[in-house]
Each structure stands twice: as C-alpha cells, then as structure tokens.
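The values are calculated or read from the model by the stated rules, or taken from the named source; none is laboratory data. Being a predicted model, the structure only gives us computed values, none of them experimental. All Cβ positions, even for glycine, are placed from backbone atoms using ideal geometry, and neighbour counts span all protein chains on display. Just so you know, the surface numbers come from the protein's heavy atoms only, side chains and all, with ligands and any DNA or RNA stripped out. Shrake-Rupley method; radii C 1.70, N 1.55, O 1.52, S 1.80 Å.
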Amino acid sequence: AQKITQTQPGMFVQEKEAVTLDCTYDTSDQSYGLFWYKQPSSGEMIFLIYQGSYDEQNATEGRYSLNFQKARKSANLVISASQLGDSAMYFCAMRESYGGSQGNLIFGKGTKLSVKP
Amino acid sequence: ETGVTQTPRHLVMGMTNKKSLKCEQHLGHNAMYWYKQSAKKPLELMFVYNFKEQTENNSVPSRFSPECPNSSHLFLHLHTLQPEDSALYLCASSQVGGEETQYFGPGTRLLVL
C-alpha cells in the first residue's frame, strides 16, 4: 500500500488564483512529520513547508499553507496568489518516527502544477 | 541557495567508465543522503549516512559505491553502470533530531550510454 498518495498527476491554475494540491498519507505512528517540496524543471528539490503530527495549527510559510486534517490523514498544500514561477512538480513526503521507513522520508509521485498567464 | 552543492551537474558516461558524484553541504548537518529520481517514478532513497556512518543501503547494486569522509562531504562512486541507471541523482542533508527537514542539492543528471 502506498504511504503517500497524490491523486492529481497534473493541475492547472490561473495566475493570481489559489490552488490546492492534495496529499493523503498512511501511517500507524502517532509521531510523524509531513513535508512539501517543489521541483522546478532545473531539478532541485526545494523545501516549502513542514507540519508535525502534534502541531495543532496548520503550518504557513508566506503564500504556502498546509491544510492538515489528521483524522482524514490528509495534508493538502494551498498556494495562494499563484505566480508563473510556481509552475513545477510538487511532492508530498512523510517521515515516520518509528515505522517501517526508519525515520527516512517517503515521497509521493508528485503533482505537476502549471500556472497560466 | 540551499547550502547543498553537487558536482558535476551533468554527466555522460559509457558503461565501462568509472566516475564519481560529489556532494557538499554547508549547513552544519550531521546526516546526508543519496536519492535516485527516474522518469515517472517516485524518489528512491539509496543511501543514508548519520555522523559519517552508513545507516541505510536500500538494496542498491554494488556498481554504486558511496563514501562519506566527513559530515560535510558525500560521494557516489559509479562503475560499470547500465543504461537504466540514467537518472537524476540528488543529494540531501539534514540535522538529526527535531523536524529533520532534508535540504537538497541541485542534482546530477546522469546519462549512461
């Protein structure tokens, strides 16, 4: 079974609009971390935002926010006021503290976001 | 700038060549990682080093040989590779404890002919 599921292979958004990228995860750990990374066509994986499983408030970093719904095991990324430079692949990842991944990151397959002018 | 550098950025090699990929982190971290990213596949963890000691070898073929001489440098030695090894190789580093966010380098695009 997949630990991280990103159901949207590709998404389009109009410039200046908000967009939500979906991510669901599967773990039996109580302590875990959730991450989002951006990968432009250049290849570098850029860290965007982190949410800990015990954090009661949703994480925010500038135009990025993480909609964390623990009971539903979802950690969707919301990008507000999209810019052309936001066009990239976006990866959701999880780090379990005690699970089979032994503390390492598990990545989803990614969502390709295209921002239209 | 992420503080993690990788060289070379692009590499073309024949199946009989020997080459090395280099990664350097300037973040004071104590863990380093090698990942492989092939087309249309999730990122695959290859090796993990904590405090210069290898703690994970994710069933990687022996034609890939990692080396971590200190906590700031990580190498991936390549020999007798196969065309299916063509991929983007990403290095990352993190600080063990706390969030353990991994910061990535720009990657090396490898083509094996």
### Task
Among the numbered conditions (1) at pLDDT 95 or above; (2) more than 11 Å from chain A (Cβ to nearest Cβ), tell me where B:GLN95 comes up short.
(1)
## Note on the structure
Among B:CYS68, B:CYS91, the single one that is closer than 20 Å to A:PHE91 by Cβ and buried (at least 16 other Cβ atoms within 10 Å of the Cβ) is B:CYS91
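Of all residues being more than 7 Å from chain A (Cβ to nearest Cβ) and surrounded by 20 or more Cβ atoms within 10 Å (Cβ to Cβ) in segment B:47-58, which is farthest from B:GLN95 (Cα to Cα)? Just the residue, please.
Residues of segment B:47-58 that are more than 7 Å from chain A (Cβ to nearest Cβ), as a first pass: B:47, B:49-55, B:57-58.
Subsequent filtering for residues that are surrounded by 20 or more Cβ atoms within 10 Å (Cβ to Cβ) retains B:47, B:49.
Details: B:PHE47: 16, B:TYR49: 11 Å.
By that ranking, first place goes to B:PHE47.
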### Query
Pick from segment A:27-55 the residues that are more than 18 Å from A:SER97 (Cα to Cα) and of a type in the set (D, E, K, R): which of them is farthest from the other protein chains (Cβ to nearest Cβ)?
A:LYS38
### Hits in segment B:1-23 - residues which are in a strand (DSSP E or B), open to solvent by less than 50 Å² (accessible area, probe 1.4 Å) and away from chain A (no Cβ under 12 Å)
B:LEU11, B:MET13, B:LEU21, B:CYS23
### Message
It is to be established whether one or more residues within segment A:76-97 are surrounded by 14 or more Cβ atoms within 10 Å (Cβ to Cβ), within 14 Å of chain B (Cβ to nearest Cβ) and not in a strand (DSSP E or B).
### Response
yes
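For B:HIS10, are the conditions met, namely being of a type outside the set (S, T, N, Q) and more than 26 Å from A:GLY108 (Cα to Cα)?
Against the criterion (of a type outside the set (S, T, N, Q) and more than 26 Å from A:GLY108 (Cα to Cα)), B:HIS10 does not qualify.
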## Note on the structure
Exactly one of A:TYR37, A:TYR54 is within 30 Å of B:TYR89 (Cβ to Cβ) and among the aromatic types (Phe, Trp, Tyr), and that one is A:TYR37
